[in-house]
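Written out below as structure tokens is the structure these notes cover.
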Amino acid sequence: MPWKEHTGMALRLEFTSLARAPDANVTELCRRFGISRKTGYKWLLRFAREGPSGLTDHSRRPLHSPRRTAPDTEARVTALRELRPRWGGRKLNRRLREQGVSPVPAPSTITGILARNGLLNPERRLKRDWRRFEAEAPNRLWQMDFKGHFPAGSKRCHPLTVLDDHSRFNLCLAACPDELSDTVQAQLTGVFQRYGLPDRITTDNGSPWGNSGQGLYTRLLAWLIRLGVRVGHSRPYHPQTQGKDERFHRTLRLEVISRHAVWHGLEELQQAFDVWRDVYNFERPHEALDLDVPSSRYQASLRSFPAVLLPIEYEADDEVRRVRDTGRIKFQGRLVAVGKAFVGEPVAIRPAGNGVWDVYYCHQRIARIDLQASAESLEV
């Protein structure tokens with residue numbers, strides 16, 4: 001099935017980036033992108049021969065023209081800066097080299113060019129961010145959150161973002177009308193069908209993924225666990241746990257949202273999000289990646305989104321209970337709360353020693369029972 005014209009170039013670039021990754025399953029990626037293997041290998045061959053310009057339709061003007069006379073170096077710098085007004089000297093230097101400009105001024109020289117042309121941001125940061133924990137490989141950990149909502153015509157936009165912790169590759173940037181579980185699940189289904197399943201996802205404690213301060217699971221998180229994804233909450237009142245996604249939100253605000261005083265609707269915003277997402281993933285050098293782009297460090301997960309969920313199975317020596325409508329199970333004469341997210345689902349009870357029992361839903365521990373205490377404790 002051919003790609004739509006207005007999204008074709010971006011999808012071809014994303015497909016070839018994922019398909020050229022080590023151990024990539026090209027056949028599976030073709031299925032996820034809705035194209036034939038013949039089409040997939042055609043674009044891979046064109047990319048190998050011509051680079052990104054080979055992904056354009058032959059009837060269109062190529063992205064790069066090696067015979068074109070290069071403009072003045074300073075004009076190239078200022079033009080790129082006007083296109084990417086939030087990029088500093090290091091990012092502009094890296095992008096100009098990737099575009100084949102020669103010679104490329106040093107980052108400090110580029111900063112001087114920006115200063116002479118009045119293009120420096122007055123609030124520019126002089127100190128580097130501290131480097132934080134990073135997952136050791138793509139898809140080991142994704143961060144997910146909503147950015148603060150804002151007006152969009154007659155509605156409000158609730159940007160949903162999902163970021164791969166290792167590569168900073170943005171997997172989802174959706175202009176949502178609300179923050180309901182059904183909305184998030186629909187967006188995640190599309191993400192999983194395209195990129196596969198991660199090992200783990202972290203969220204904050206707010207709706208729709210938790211109840212702040214109580215560590216309660218929601219139906220949305222129960223669905224993720226059922227898919228084989230480990231889920232976790234950030235520490236209450238510690239947004240730095242979601243630091244990479246929070247930093248992504250800041251960049252999104254500066255480079256997209258604040259560029260217009262008024263947005264006229266969710267469709268207009270989604271179009272702007274789609275364009276900028278491609279820039280962020282494939283063009284924008286990232287300081288935390290030694291100025292590589294996120295797509296250079298990302299590859300699709302080998303764990304495909306299942307068409308049909310298999311029945312839940314536990315070990316033979318597990319004590320299995322089905323969660324009641326009240327969100328509780330009965331164990332050794334007492335009612336134990338495990339959460340209404342798991343109503344109707346089977347859970348396993350396993351001894352942890354010293355009168356303590358752990359309650360599992362699929363692979364994840366969701367509660368702990370202390371028979372010596374007066375009440376059970378939910379896992380946070």
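Worth a mention:
- The number of residues in the range 325-347 that are among the basic types (Lys, Arg) and either under 15 Å from Ile366 (Cβ atoms) or in the same structural domain as Ile225 (by TED's automatic domain parsing) (or both) comes to 2.
- Asp274 being closer than 12 Å to Ser167 by Cβ, within 18 Å of the chain's Cα centre (by Cα) and surrounded by fewer than 16 Cβ atoms within 10 Å (Cβ to Cβ): no
- All positions within the range 155-175 that are more than 24 Å from Glu134 (Cβ to Cβ) and without any contact (Cβ under 8 Å) to a residue 40 or more places away in the chain: Arg156, His158
- Each residue in the range 298-326 was checked for being out of contact with any Phe, Trp or Tyr (no Cβ under 7 Å at 6 or more places or on another chain) and surrounded by 17 or more Cβ atoms within 10 Å (Cβ to Cβ), and 1 of them qualify.
- The sole residue among Leu92, Leu29, Leu80, Leu45 that is more than 30 Å from Ala307 (Cβ to Cβ) and modelled with pLDDT of 90 or more is Leu45.
- Test: residue in the range 334-341 that is assigned to a helix (DSSP H, G or I) and within 34 Å of the chain's Cα centre (by Cα): yes
- Any chance His260 is more than 23 Å from Arg140 (Cα to Cα) and at pLDDT below 90: yes
- Number of positions in the range 146-179 that are surrounded by fewer than 19 Cβ atoms within 10 Å (Cβ to Cβ), in a loop (DSSP other than H, G, I, E, B) and touching a helix residue (DSSP H, G or I) at 6+ places or on another chain (Cβ under 9 Å): 3
Every residue, every condition in (1) in contact (Cβ under 8 Å) with a residue 60 or more places away in the chain; (2) closer than 23 Å to Val191 by Cβ; (3) out of contact with any strand residue (DSSP E or B) (no Cβ under 8 Å at 6 or more places or on another chain), yes or no:
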{"position": "Pro294", "(1), (2), (3)": "yes, yes, no"}
{"position": "Ala300", "(1), (2), (3)": "yes, yes, yes"}
{"position": "Ala307", "(1), (2), (3)": "no, yes, yes"}
{"position": "Val338", "(1), (2), (3)": "no, no, no"}
{"position": "Val343", "(1), (2), (3)": "no, no, yes"}
{"position": "Gly355", "(1), (2), (3)": "no, no, no"}
{"position": "Asp370", "(1), (2), (3)": "no, no, no"}
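- Test: residue in the range 209-223 that is modelled with pLDDT under 90, closer than 19 Å to Ala186 by Cβ and assigned by TED's automatic domain parsing to the domain that holds Ser167: yes
The values are calculated or read from the model by the stated rules, or taken from the named source; none is laboratory data. Please read all numbers here as calculations on a predicted model, not as lab measurements. Cβ: placed from backbone, ideal geometry, glycine included. Neighbour counts: every protein chain shown.
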